[in-house]
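All remarks here apply to the structure that follows.
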Amino acid sequence: METRDWNEECAVVGVYNVQNAAVSAYYSLFSMQHRGQEATGIASSNGEKLNCIKNHGLVTSVFCDETLSKLKGFSAIGHNRYSTAGEDSMADAQPVFARYDLGEIAIVHNGNLTNAKQIRNELIAEGSIFQSHMDTENLIHLIARSKKEALIDRIKEAVLRVEGAFCFVILSRKKMFVIRDRHGFRPLSLGEIKNPDGSIGYIVASETCAFDLVGAKYVRDVKPGEMLVFSKEGMQSHSIMPANPYPCVFEYVYFARPDSHVFGRLVYNIRKAMGRELAKENPIDADLVIPVPDSGVAAALGYSQESGIPFELGIIRNHYVGRTFIEPTQQIRELKVKLKLNPIRELIENKRIIVIDDSVVRGTTSKQIVKILRDCGAKEIHMKISSPPTISPCYYGVDTPSVGELISARMSDEEVCKFIGADSLSFLSLEGLKRSIGVEDYKFCQACFDGNYIVEIKE
Ligand code: 5GP
Ligand code: SF4
Ligand code: MG
């Protein structure tokens with residue numbers, strides 16, 4: 001597998017002017033665990049000093065009362081990291097923390113910087129020493145080396161040099177800075193927390209499911225090209241780059257939790273609409289519609305409601321197994337599918353089954369699903385995917401494999417169908433995807449489905 005130097009899909013959070021802000025950051029990260037399970041970390045400030053704790057593992061295993069009690073203060077930022085293959089990933093856990101001439105600073109980042117190599121090479125040529133593989137470290141160097149006096153000006157200068165997908169949350173001793181790139185590839189929402197004394201606290205998070213858990217009220221999304229500055233005077237908004245929004249359509253397909261509002265829309269409704277569109281585009285007679293849990297559930301419900309074919313939970317998921325992408329080798333990936341998904345024979349035997357999943361990447365999951373359903377005596381298996389074929393890798397923050405590993409980049413739909421062993425296979429069309437989202441002026445990044453990259457990748 002291609003090893004990646006950069007951040008993969010992740011979750012970020014920032015909390016400001018809230019008592020024990022680290023605790024709110026902790027619960028937010030817990031609610032966004034699905035966006036990254038490899039490592040997690042929180043940095044907090046009490047106004048005098050930053051403290052940072054990060055480690056491998058899930059949010060609940062890295063943090064406990066004791067660790068959280070070391071993260072005192074009114075502001076905190078946090079990060080969940082997705083997996084990478086074969087890197088020294090402890091050095092790559094976030095927040096990235098540094099001491100420099102203005103004091104202490106911590107940064108979390110969700111996204112990929114497309115000119116990261118170029119900038120890193122320039123910085124190294126000028127004498128910088130790097131401790132991690134993360135593109136995020138570039139930003140710390142750019143900020144530390146800037147000749148500007150005020151931190152806000154240094155951050156602006158640094159951010160204007162980096163390209164690609166980024167949601168940055170930056171913590172200094174007194175302030176918090178939040179920046180979303182001009183295309184707004186990755187989601188980032190702003191919420192308010194009402195403090196017991198009546199004052200207003202703030203939270204920014206990759207997904208709004210975090211707000212529900214900490215009792216925050218959704219205010220709006222951070223705008224593409226916007227910088228928010230939180231200080232004891234409250235919140236200020238600066239437009240620092242001309243916006244040209246291309247949010248990531250894959251958040252709706254797979255990544256976000258269905259109970260989150262992403263780019264202003266409820267993910268659950270969009271996933272169901274994808275299923276309905278799939279049923280309209282690909283009607284077929286069958287006895288049951290079953291989802292590949294959990295990622296296919298909402299679309300399968302939509303498919304069932306549109307087609308009138310009964311929905312059943314024909315495959316049960318074991319939730320205590322990590323996601324199938326986490327292990328790097330193909331062999332272990334296949335074993336993990338079996339560990340994770342078990343069919344209910346009584347539902348499947350002698351039935352014509354429509355199976356719904358959200359996407360096909362390498363084809364591993366679909367192939368295994370078809371096999372376990374055949375072993376249970378399914379009469380027919382019709383695989384239906386609630387997104388178009390994934391034909392191109394993502395350079396904007398989602399951990400899709402290199403092009404050679406994307407099965408639909410190498411094979412026609414018929415060949416993929418044969419490979420996975422299904423009786424039929426169909427994908428949602430690009431038009432169907434657009435209809436599911438249902439906005440008038442559809443303008444989303446969908447490069448992994450159509451190969452059109454809005455931001456060039458500089459190797
Ligand atoms: P495949 O088994 O074809 O390689 O991957 C498809 C399965 O992986 C689907 O069930 C889908 O829900 C899931 N999937 C799609 N994209 C991603 C991703 O970016 N990360 C992870 N962990 N899973 C994904
Ligand atoms: Fe999202 Fe795909 Fe665009 Fe990446 S290439 S940002 S996954 S739509
Ligand atoms: Mg899945």
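The values are calculated or read from the model by the stated rules, or taken from the named source; none is laboratory data. Given the structure is predicted, the values throughout are model-derived calculations rather than measurements. Here the Cβ positions follow ideal geometry from the backbone for every residue, glycine too, while neighbour counts run over all protein chains shown. When the accessible area is computed, the model is the full protein with side chains, heavy atoms only, and any ligands, DNA or RNA have been set aside. Shrake-Rupley method; radii C 1.70, N 1.55, O 1.52, S 1.80 Å.
Could you order peptides 262-270, 345-353 by the average number of other Cβ atoms within 10 Å of their residues, highest first?
So the order, starting with the most tightly packed, is 262-270, 345-353.
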* Structure fact -> With a Förster distance of 45 angstrom and the Cβ-Cβ distance between residue 199 and residue 118, calculated FRET efficiency to the nearest 0.05 equals 0.55
* Accessible area of residue 375 in the full protein assembly, 1.4 Å probe (Å², nearest 10) -> 90 Å²
* Please turn the phi angles of region 447-459 into ³J(HN,Hα) values with the Karplus equation 6.51 cos²θ - 1.76 cosθ + 1.60 (θ = phi - 60°), one per residue in order, whole Hz, x for glycine and proline. => 4, 5, 9, 10, x, 8, 9, 6, 10, 5, 9, 9, 7
* Find the relative contact order for the chain and round it to a whole percent, using C-alpha pairs within less than 8 Å whose residues are 6+ positions apart. => 14 percent
* Asked: When the Cα centres of region 146-219 and region 339-406 are compared, how far apart do they sit, in Å?
  -> 37 Å
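Within the set of other residues whose C-beta is less than 11 Å from the C-beta of residue 357, count the net charge using Lys and Arg as +1 and Asp and Glu as -1. Walk me through the numbers on the way to the answer.
Numbers: positive: 384; negative: 294, 358.
Within the 11 Å Cβ shell, the charges total -1.
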* Using the per-residue mean of other Cβ atoms lying within 10 Å as a proxy for protection, in what order, highest first, do the peptides 313-319, 146-152 fall? -> 313-319, 146-152
* May I ask which of 54/458; 384/418; 367/418; 49/232; 280/418 have a Cα-Cα span longer than 19 Å here? => 54/458; 280/418
* Asked: In nm, what is the difference between 0.36 nm times the number of residues separating residue 244 and residue 212 and their Cα-Cα distance?
  -> 8.6 nm
* Structure fact -> Computed about the Cα centre, the charge dipole of region 169-255 from +1 Lys/Arg and -1 Asp/Glu charges at the Cβ has a magnitude in debye, to the nearest 20, of 300 debye
* Extended-chain gain in nm, criterion 0.36 nm per residue less alpha-carbon gap, residue 317 and residue 91 -> 78.1 nm
* Asked: Taking the Cα atoms only, what angle lies between the long axis of helix 364-375 and the longest principal axis of the chain, rounded to 10 degrees?
  -> 30 degrees
* Structure fact -> Counting only residues 5 or more apart in sequence or on a different chain, those whose built amide H sits under 5 Å from that of residue 39 are 57, 81
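For region 429-459, which trypsin sites (Lys or Arg not before Pro) are in a loop by DSSP, counting at most 16 other Cβ atoms within 10 Å?
For trypsin sites (Lys or Arg not before Pro) across region 429-459 that sit outside H, G, I, E and B with at most 16 neighbouring Cβ atoms in 10 Å, the list reads 443, 458.
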* Structure fact -> Restricted to region 268-437, the DSSP antiparallel beta bridge percent, nearest 5, is 15 percent
* Counting Lys and Arg as +1 and Asp and Glu as -1, what is the net charge of the other residues whose Cβ lies under 10 Å from the Cβ of residue 266? -> +2
* Choose one of 256, 18, 391: the residue whose Cα lies farthest towards the positive end of the charge dipole of the chain (beta-carbon charges +1 Lys, Arg; -1 Asp, Glu; about the Cα centre). => 18
* Asked: What's the FRET efficiency of residue 391 with residue 441 using the Cβ-Cβ distance as r and R₀ = 30 Å, to the nearest 0.05?
  -> 0.75
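Give me the accessible area per residue for the chain, probe 1.4 Å, as a whole number in Å².
40 Å²
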* Structure fact -> The set of residues whose placed amide H lies less than 5 Å from the amide H of residue 311, leaving out same-chain residues fewer than 5 positions away, is 289
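Could you work out the helix-only [θ] at 222 nm for the chain, with each DSSP H run of four or more residues adding -39,500 (n - 2.57) and the total divided by the number of residues, to the nearest 500 deg cm²/dmol?
Rounded to the nearest 500, the figure is -8000 deg cm²/dmol.
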* Quantify, in whole percent, the carbon and sulfur part of the accessible surface of region 1-157 (1.4 Å probe; protein heavy atoms only). => 50 percent
* To do: State, to one decimal in nm, how far the label point of residue 126 lies from the label point of residue 99, with both points 7 Å from Cα in the Cβ direction.
  => 2.3 nm
* To do: For residue 379, list long-range residues whose amide hydrogen, built 1.01 Å from N in the peptide plane, is under 5 Å from its own amide hydrogen.
  => 350, 351, 352, 353
* Structure fact -> So, with points 7 Å from each Cα along the Cβ direction, the residue 72-residue 430 label distance in nm works out to 5.7 nm
* **Two-site label geometry, residue 450 and residue 56: point separation in nm, points 7 Å out along Cα→Cβ** => 4.2 nm
* Quick one: helix 297-307 against the long Cα principal axis of the chain, what's the angle to the nearest 10°, folded into 0 to 90? -> 40 degrees
* Structure fact -> Carbon/sulfur accessible area of region 354-422, % of total, 1.4 Å probe, equals 54 percent
* To do: Report the far tail of the P(r) of region 11-245, meaning the percent of Cα-Cα pairs longer than 29 Å.
  => 19 percent
* Asked: With a Cα-only, solvent-free Debye model of the chain, what are the log10 I(q)/I(0) values at q = 0.05 Å⁻¹?
  -> -0.18
